[in-house]
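Accompanying notes for the structure given below.
The values are calculated or read from the model by the stated rules, or taken from the named source; none is laboratory data. The structure presented is a predicted model; accordingly, all values stated were derived computationally and were not measured. We place every Cβ from the backbone using ideal geometry, glycine too, and count neighbours over all the protein chains shown. Surface areas here come from the heavy atoms of the whole protein model, side chains and all, with no ligands, DNA or RNA. Shrake-Rupley method; radii C 1.70, N 1.55, O 1.52, S 1.80 Å.
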Amino acid sequence: QDPRLKFHSEFFKKLKDEKEKKETIRAKIKKFVKEVIKEESVMEGKNFLIENENLLSTIEENFEVPREILVAILRVETNFGKNKGNYYVFNALSSRAYGQYQKIYKSRTNWKNELEVFIKICKENNIGIFDYKGSRAGCFGIVQFLPSSYVNFAVDQDGNGRIDLFNIEDGLSSAANYLRKNGWQGKNFDKKNKLILYRYNKAWWYVDLLIRYAELIKN
C-alpha cells in the first residue's frame with residue numbers, strides 16, 4: 001500500500017550490444033576518476049583532514065588504519081556525504097532479492113539475506129523501512145555499507161548507544177573497523193592491503209583510485 005514501494009526492473013535490463021555496455025561503463029568510470037582527482041576535490045580532502053584532525057587521530061589510534069585512506073573512501077563513495085544515493089534501500093534490496101530468486105539476475109551476494117538483515121536492523125533501531133536512501137546496490141551511509149557489513153563491522157564511535165552510518169564519527173570508524181577486521185596492517189598500500197580494499201568494492205579501478213586520492217591529499 002505504501003506509495004514509496006517500487007520494483008526496479010531496470011536493474012535487470014541488458015544492453016543488446018555487449019561491446020556498447022563495456023564502452024559505456026568505461027566512459028563513466030573515466031569521467032568519475034577525473035572528477036575525484038581534480039584540484040578542487042583534492043583540496044576538499046586536504047581540508048577535511050585538517051578540520052577533522054581530532055576525530056581522525058582517534059580513529060587512527062583505535063584501528064591502526066591511515067586516515068588518508070578513510071577520507072579517500074568517504075570521497076569516492078559519497079563525495080563527503082553529499083551523494084548518499086537516491087534509492088530507497090528497501091526497494092533496492094528487495095528488487096535484487098526478487099531478481100535473484102527468479103533467476104533473472106546472477107550475483108555472488110545473497111540478496112535475500114541482505115534484505116532480511118536490513119529489516120532486522122530497522123526493527124532493532126526503530127527505523128522505518130523507507131527511512132534510509134542509498135545506492136542502487138542497497139548500500140547506505142556515508143561510507144556505503146551493505147546491511148551485512150553494518151552488522152559485522154559498524155561501530156558506535158560517538159557512544160550515544162546507536163550506530164548511525166550517516167554520522168561522520170560512526171561512519172568513518174565503521175570503515176576503519178571493516179579494514180582492520182579484514183586484516184589491514186601498517187600504512188603502506190602493499191598487495192595485502194590492496195586486496196582488503198578490493199573486498200570493500202570489487203573493482204581494481206576503485207582500489208587504484210582510493211590509493212591515488214589518499215596519496216594526493218597526504219600532507
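Okay, here's what the table says:
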read-out: Some residue of segment 149-170 being closer than 23 Å to residue 89 by Cα, more than 17 Å from the chain's Cα centre (by Cα) and of a type in the set (Lys, Arg); value: yes
read-out: Residues being modelled with pLDDT of 95 or more, farther than 18 Å from residue 146 by Cβ and open to solvent by 50 Å² or more (accessible area, probe 1.4 Å) - total across segment 79-109; value: 1
read-out: Inter-residue pairs, beta-carbon under 7 Å, first over 16 Å from residue 212 (Cβ atoms) and in segment 180-199, second crowded, with 16+ Cβ neighbours inside 10 Å and among the β-branched types (Val, Ile, Thr), 6+ apart; value: 180/65; 182/196; 183/196; 184/65; 184/196
read-out: Flag if residue 118 is at pLDDT 95 or above, of a type in the set (Phe, Trp, Tyr) and assigned to a loop (DSSP other than H, G, I, E, B); value: no
read-out: Selected residue (criterion: farthest from residue 72 (Cα to Cα)) from residues of segment 123-144 that are of a type in the set (Phe, Trp, Tyr) and either part of a loop (DSSP other than H, G, I, E, B) or open to solvent by 40 Å² or more (accessible area, probe 1.4 Å) (or both); value: 130
read-out: Subset tally (residues that are part of a helix (DSSP H, G or I) and either out of contact with any strand residue (DSSP E or B) (no Cβ under 9 Å at 6 or more places or on another chain) or open to solvent by 40 Å² or more (accessible area, probe 1.4 Å) (or both)) for segment 145-177; value: 11
read-out: Tabulated pairs, segment 53-75, first within 15 Å of residue 214 (Cβ to Cβ), second of a type in the set (Val, Ile, Thr) and buried (at least 23 other Cβ atoms within 10 Å of the Cβ), C-beta under 6 angstrom, 6+ apart or interchain; value: 73/143
read-out: Selected residue (only one of 28, 46, 82 is basic (Lys, Arg) and not in a helix (DSSP H, G or I)); value: 82
read-out: Criterion violated by residue 39 - all others in (1) touching a residue at least 60 places away in the same chain (Cβ under 8 Å); (2) farther than 28 Å from residue 148 by Cβ satisfied; value: (1)
read-out: Unique match (being within 26 Å of residue 51 (Cβ to Cβ) and open to solvent by 80 Å² or more (accessible area, probe 1.4 Å)) among 181, 202, 187; value: 187
read-out: Residue 94 closer than 23 Å to residue 201 by Cα, free of Cβ contacts under 8 Å to residues at least 24 places away in the same chain and not acidic (Asp, Glu); value: no
read-out: Some residue of segment 55-74 being open to solvent by 10 Å² or more (accessible area, probe 1.4 Å), touching a Pro at 6+ places or on another chain (Cβ under 8 Å) and either modelled with pLDDT of 95 or more or assigned to a loop (DSSP other than H, G, I, E, B) (or both); value: yes
read-out: Failed criterion for residue 114 (all others in (1) closer than 30 Å to residue 188 by Cβ; (2) surrounded by 16 or more Cβ atoms within 10 Å (Cβ to Cβ); (3) not β-branched (Val, Ile, Thr) hold); value: (1)
read-out: Out of 14, 34, 19, 28, sole residue that is exposed (fewer than 11 other Cβ atoms within 10 Å of the Cβ) and at pLDDT 95 or above; value: 34
